[in-house]
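Chemist: This is the structure I want to talk about, given as structure tokens.
The values are calculated or read from the model by the stated rules, or taken from the named source; none is laboratory data. Predicted model, so just to flag it, every value in this text is computed and none were measured. In this analysis, Cβ positions are derived from the backbone assuming ideal geometry, glycine residues included, and neighbour counts consider all displayed protein chains. Note: areas computed on protein heavy atoms with side chains; ligands, DNA, RNA excluded. Shrake-Rupley method; radii C 1.70, N 1.55, O 1.52, S 1.80 Å.
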Amino acid sequence: MLLLDTTDIPRADRAEAFRVAMQEASVPCRVEHWEPLDELQARMHLWPYGRAALFTTDASGFRLIRTPRHVGMESEPVLGVAFQARGRGEFAQLGHEQLVQGDDLMLVDLTAPYSFGCAAGGSSRAFLVRYEELGLPVDVVRRATPRLRASPLHDLVRHHLQWMCASARELTADPGAAALETATVELVRALIVSAVGDEGRRAAVREETLVTRVRAFIGQHVSDPELTPEAIAATHNVSVRQLYKACAQAGLSLEQWIITQRLEAARADLASPAGLRRSIAATARACGFPNPSHFTRRFRRAYGVTPREWQRLATELSAAG
């Protein structure tokens, strides 16, 4: 979603538009610009991934300052995992100072004061996630902040976020966007725990997040007809018995969850322009149902209409809109 494009805004109004867009996407802060305000240029996008979001900024030189007064304003506790797609950033928070460029990641704890600037302008990218979803205490995040490079997961997470940004338009429109958000939060959590080096917490995180990681894995491989409990357990280095036990404790029926995700993917696909041009059987196979008749029965049981009837209804609703 486009938040700001200064090209279409009168020069005298651009600084205020920049401040408002920044606050809408992130948290209250003071904005300073390095260049004359009538030369300010910026584009901002906010891409929702479930409850998290990707925030992208391409702008001429600016600096953000979040003061204790700003922190005192009401806002949700959020963490930003950020990098520079272009240019160099200067970041300072709680005694930690960092030049952010190239492949560097930085953690921005939005519950505390900080400053961040791009004196020569550049392109910043940030994955914003609520602390309640991250599931880690603030003190653990702060201990990890200066040690991210020490984690073997650093480059994996950096490349993952870069791919999410490059493909944001397609990914956020995909039925699997929420599952992708879950997987991304898991990666961020693993990165932080790894950077801190707390073995006890690392083992606890692996155990506590098993079902979440399994659900994300299913979302990513929902079209694979070989997606079985055995394959899922092997991927996550647990026994099938442990897998079923963890799912049962979370109130999750593993097989039913797989089928539900496949049906949801098929329902979205059937109503898409590409799906309308494909055969029902081809869509069924693409969503992990090798038997079209079995797919049709499952679809009708779940939604009360056949796949063909759903396509017809979706077409009529689209034409009416």
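Chemist: Across segment 117-150, what is the total count of residues that are in a helix (DSSP H, G or I), more than 16 Å from the chain's Cα centre (by Cα) and among the hydrophobic types (A, V, I, L, M, F, W, C)? Show your work before the answer.
Modeler: Let us first name the residues in segment 117-150 that are in a helix (DSSP H, G or I), namely 131-134, 138-150.
Filter once more, keeping what is more than 16 Å from the chain's Cα centre (by Cα): 138-150.
After this cut, where a residue has to be among the hydrophobic types (A, V, I, L, M, F, W, C) as well, the list is 138, 140-141, 144, 148, 150.
The total comes to 6.
Chemist: Restricting attention to segment 269-314, and to residues there that are free of Cβ contacts under 8 Å to residues at least 40 places away in the same chain and of a type in the set (S, T, Y), which single residue is least open to solvent (accessible area, probe 1.4 Å)?
Modeler: So the residue we want is T283.
Chemist: Moving on. Name the single residue that is surrounded by the fewest Cβ atoms within 10 Å (Cβ to Cβ) among those in segment 96-109 being assigned to a loop (DSSP other than H, G, I, E, B) and either touching a Gly at 6+ places or on another chain (Cβ under 6 Å) or modelled with pLDDT under 95 (or both). If you could, list the steps in order and put the result at the bottom.
Modeler: Within segment 96-109, the subset assigned to a loop (DSSP other than H, G, I, E, B) is 101-105.
Restricting the remaining residues to those that are either touching a Gly at 6+ places or on another chain (Cβ under 6 Å) or modelled with pLDDT under 95 (or both) gives 101-104.
Working: Q101: 14, G102: 9, D103: 13, D104: 18.
Once the filter is applied, the top-ranked residue is G102.
Chemist: Let me ask something else about it. Name the residues in segment 21-38 that are closer than 20 Å to T111 by Cα, modelled with pLDDT of 90 or more and of a type outside the set (A, V, I, L, M, F, W, C), would you?
Modeler: Hit for segment 21-38 is R30, nothing else.
Chemist: Considering only segment 154-199, give the helices (runs of 4 or more DSSP H) lying wholly within it that have at least 3 residues that are more than 15 Å from F55 (Cα to Cα).
Modeler: Because the criterion is at least 3 residues that are more than 15 Å from F55 (Cα to Cα), the helices (runs of 4 or more DSSP H) in segment 154-199 that meet it are 154-166, 177-196.
Chemist: Restricting attention to segment 110-132, and to residues there that are modelled with pLDDT of 90 or more and charged (D, E, K, R), which single residue is farthest from I65 (Cα to Cα)?
Modeler: Across segment 110-132, the extreme among qualifying residues is R130.
Chemist: Take the residues of segment 141-155 that are modelled with pLDDT of 90 or more and open to solvent by less than 70 Å² (accessible area, probe 1.4 Å): which is nearest to G95 (Cα to Cα)?
Modeler: T145
Chemist: Starting from residues that are out of contact with any Ser or Thr (no Cβ under 9 Å at 6 or more places or on another chain) and in a strand (DSSP E or B), keep the ones in segment 4-34 and report whichever is nearest to R51 (Cα to Cα).
Modeler: Here the residue is D5.
Chemist: Just for segment 181-218: of the residues that are at pLDDT below 75 and in contact with a Ser or Thr (Cβ under 9 Å, 6 or more places away or on another chain), which one is surrounded by the most Cβ atoms within 10 Å (Cβ to Cβ)?
Modeler: A216
Chemist: Go through segment 259-268 and count every residue that is among the basic types (K, R) and open to solvent by less than 60 Å² (accessible area, probe 1.4 Å). It would help to see each step written out before you state the result.
Modeler: Here is the first cut: in segment 259-268, the residues among the basic types (K, R) are 262, 267.
Add one more test, that the residue is open to solvent by less than 60 Å² (accessible area, probe 1.4 Å), and what stays is 262.
Looking only at that region, the number is 1.
Chemist: Looking only at segment 232-258, count how many residues are surrounded by fewer than 16 Cβ atoms within 10 Å (Cβ to Cβ) and hydrophobic (A, V, I, L, M, F, W, C).
Modeler: Number of matching residues: 5.
Chemist: State all residues of segment 42-58 that are open to solvent by 10 Å² or more (accessible area, probe 1.4 Å) and over 25 Å from A183 (Cα atoms); if no residue qualifies, say none.
Modeler: Correct list: R43, D58.
Chemist: Sticking with this one: Can you tell me which residues in segment 21-41 are farther than 21 Å from A119 by Cβ and surrounded by fewer than 14 Cβ atoms within 10 Å (Cβ to Cβ)?
Modeler: Within segment 21-41, E24 is the sole residue that qualifies.
Chemist: Can you list the helices (runs of 4 or more DSSP H) found entirely within segment 218-278 that contain at least 2 residues being under 17 Å from D174 (Cα atoms)? Show your work before the answer.
Modeler: Values: elements: 229-235, 240-249, 254-271, 273-277.
So the answer is 254-271, 273-277.
Chemist: Just the residues that are over 12 Å from the mean Cα position of the chain (by Cα) and free of Cβ contacts under 8 Å to residues at least 12 places away in the same chain, please, taken from segment 151-170.
Modeler: Pass one, segment 151-170, residues over 12 Å from the mean Cα position of the chain (by Cα): 151-156, 158-159, 166, 169-170.
Within segment 151-170, H159, A166, E170 meet the criteria.
Chemist: Follow-up question, since we're still on this one. What are the residues in segment 48-88 that are closer than 16 Å to R19 by Cα and assigned to a strand (DSSP E or B), if any?
Modeler: Hits for segment 48-88 are F55, T56, T57, D58, A59, F62, R63, L64, I65, R66.
Chemist: Take the conditions modelled with pLDDT under 95, under 17 Å from L187 (Cα atoms) and open to solvent by 40 Å² or more (accessible area, probe 1.4 Å) and apply them to G135. Does it pass? Show your work before the answer.
Modeler: Numbers: modelled with pLDDT under 95: yes; under 17 Å from L187 (Cα atoms): yes; open to solvent by 40 Å² or more (accessible area, probe 1.4 Å): yes.
When the stated conditions are applied, G135 passes them.
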